[in-house]
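> Dropping a structure here in structure tokens format, bear with me for questions.
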Amino acid sequence: QVQLVESGGGLVQPGGSLRLSCAASESIFSIYPIKWYRQAPGKQRELVARITSGGRTNYADSVKGRFTISRDNAKNTVYLQMNSLKPEDTAVYYCNILTNDSDYWGQGTQGTVSS
């Protein structure tokens, strides 16, 4: 059973930055793509960023140029660097791994952008 643990959320002013981390209990990071999702109050969960095992990245249009996803396979950890944050980025952020057998989610970490 893979466990994912997110961290790094918090309260930041508009224009500020947060760096989220997602640590996995097993080394499956090196095999599968990793995704970051977010869910704001009253809204559906949306895909924010994705990184493949080879390091190829994709981003939602709303975060392009501001967010950067990266991975450290040696540490079984994926990161989401979030810069130039806006109030509309306020959400619970989740990491996700979809394997051949299961769909794994972390518990989420809250990021709040407010003055």
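> In terms of Cα to Cα distance under 27 Å, which lysines are near enough to residue 43, apart from those fewer than 8 places away along the same chain?
35, 64, 86
> Rounded to the nearest 20 debye, what is the charge dipole size of the chain about its Cα centre when +1 sits on each Lys and Arg Cβ and -1 on each Asp and Glu Cβ?
300 debye
> Let me ask something else. At 20 °C and 1.002 mPa s, what whole-number value in µm²/s does Stokes-Einstein give for the translational diffusion of segment 45-91, with Rh from the Kirkwood sum over Cα pairs?
186 µm²/s
> Percent of accessible area on the chain owned by carbon and sulfur, 1.4 Å probe?
The value for the chain is 44 percent carbon and sulfur by accessible area.
> Explain nothing, just the number: relative contact order of the chain, from Cα pairs under 8 Å at least 6 residues apart, as a whole percent.
Taking the mean separation of contacting Cα pairs over the length of the chain, I get 37 percent.
> Just to be sure I understand: if I project the alpha-carbon convex hull of the chain onto a plane and average over all orientations, what area do I get in nm²?
Mean orientational projected area (the chain, Cα hull): 6.7 nm².
The values are calculated or read from the model by the stated rules, or taken from the named source; none is laboratory data. The structure displayed is predicted, hence computed values, not measured ones. Virtual Cβ from ideal backbone geometry, glycine too; neighbours counted across all protein chains shown. Accessible surface areas use protein heavy atoms only, side chains included; no ligands, DNA or RNA. Shrake-Rupley method; radii C 1.70, N 1.55, O 1.52, S 1.80 Å.
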